[in-house]
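For reference, the structure discussed in these notes is given below.
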Amino acid sequence: HPNQIALEDLERVFIGMPMNISIGATKGARYTGVIEEIASGSTIDNGTVMYEIKGTVQPAEGEKNICRSGYSANAEIITDRSSDVLSVEESAIEFSGDSTFVYRLVKDNGSKQSFERMPVTIGLSDGIYIELKSGVSKGDVLRGNKMED
């Protein structure tokens with residue numbers, strides 16, 4: 001089943017790469033698959049260069065006919081991963097040129113709080129949470145959204 005991937009993600013995707021797949025008609029069941037083909041030509045969708053990819057779904061043992069024409073499916077391709085790291089919602093990060101900052105709580109007198117602008121080094125992002133590699137510690141209170149670990 002064809003799907004599309006944006007140009008900026010294409011360099012991290014290769015034939016034979018595993019995918020996690022969910023098919024709408026299977027009520028939440030998740031399957032694995034592999035990328036079998038990446039188109040050499042592209043299309044433009046809302047200003048983003050897109051490449052069509054095709055993959056094969058691997059049914060669970062003893063399962064047959066999980067896909068039929070017209071079923072909708074979503075494929076998730078994990079191109080990089082971090083674990084056991086501090087992260088924060090991206091909205092708590094201030095981007096300024098090539099630098100990134102957060103605001104750390106330094107004083108809390110009930111209704112009056114003071115924050116200091118701290119430079120941070122960021123890592124991977126999933127589009128919602130972003131990894132904080134340095135500049136803050138577990139337990140720091142940041143302006144904005146809560147940290148996760």
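The values are calculated or read from the model by the stated rules, or taken from the named source; none is laboratory data. The structure presented is a predicted model; accordingly, all values stated were derived computationally and were not measured. Cβ sites come from the backbone with ideal geometry, for glycine too, and all protein chains shown count toward neighbours. Just the protein is used for accessible areas: all its heavy atoms, side chains included, with ligands, DNA and RNA removed. Shrake-Rupley method; radii C 1.70, N 1.55, O 1.52, S 1.80 Å.
Are there strands (runs of 3 or more DSSP E) fully within region 75-121 with at least 3 residues that are within 18 Å of the chain's Cα centre (by Cα)? List them.
86-89
Determine, yes or no, whether residue 42 is within 23 Å of the chain's Cα centre (by Cα), in contact (Cβ under 8 Å) with a residue 12 or more places away in the chain and open to solvent by 60 Å² or more (accessible area, probe 1.4 Å).
So residue 42 fits the description; yes.
Which residue is modelled with the highest pLDDT, if the candidates are limited to region 1-43 and must be more than 19 Å from residue 60 (Cα to Cα) and in a loop (DSSP other than H, G, I, E, B)?
Looking at the filtered set, the residue picked out is 15.
Would you be able to say whether some residue in region 87-98 is without any contact (Cβ under 8 Å) to a residue 40 or more places away in the chain and surrounded by 11 or more Cβ atoms within 10 Å (Cβ to Cβ)?
Yes, that holds for at least one residue.
Kindly indicate whether any position in region 116-134 is closer than 30 Å to residue 21 by Cβ, of a type in the set (D, E, K, R) and open to solvent by less than 50 Å² (accessible area, probe 1.4 Å).
Within region 116-134 (the criterion being closer than 30 Å to residue 21 by Cβ, of a type in the set (D, E, K, R) and open to solvent by less than 50 Å² (accessible area, probe 1.4 Å)), the answer is yes, since at least one residue qualifies.
State whether one or more residues within region 62-71 are within 30 Å of residue 36 (Cβ to Cβ), among the β-branched types (Val, Ile, Thr), open to solvent by 70 Å² or more (accessible area, probe 1.4 Å) and modelled with pLDDT under 90.
Within region 62-71 (the criterion being within 30 Å of residue 36 (Cβ to Cβ), among the β-branched types (Val, Ile, Thr), open to solvent by 70 Å² or more (accessible area, probe 1.4 Å) and modelled with pLDDT under 90), the answer is no, since none of the residues qualifies.
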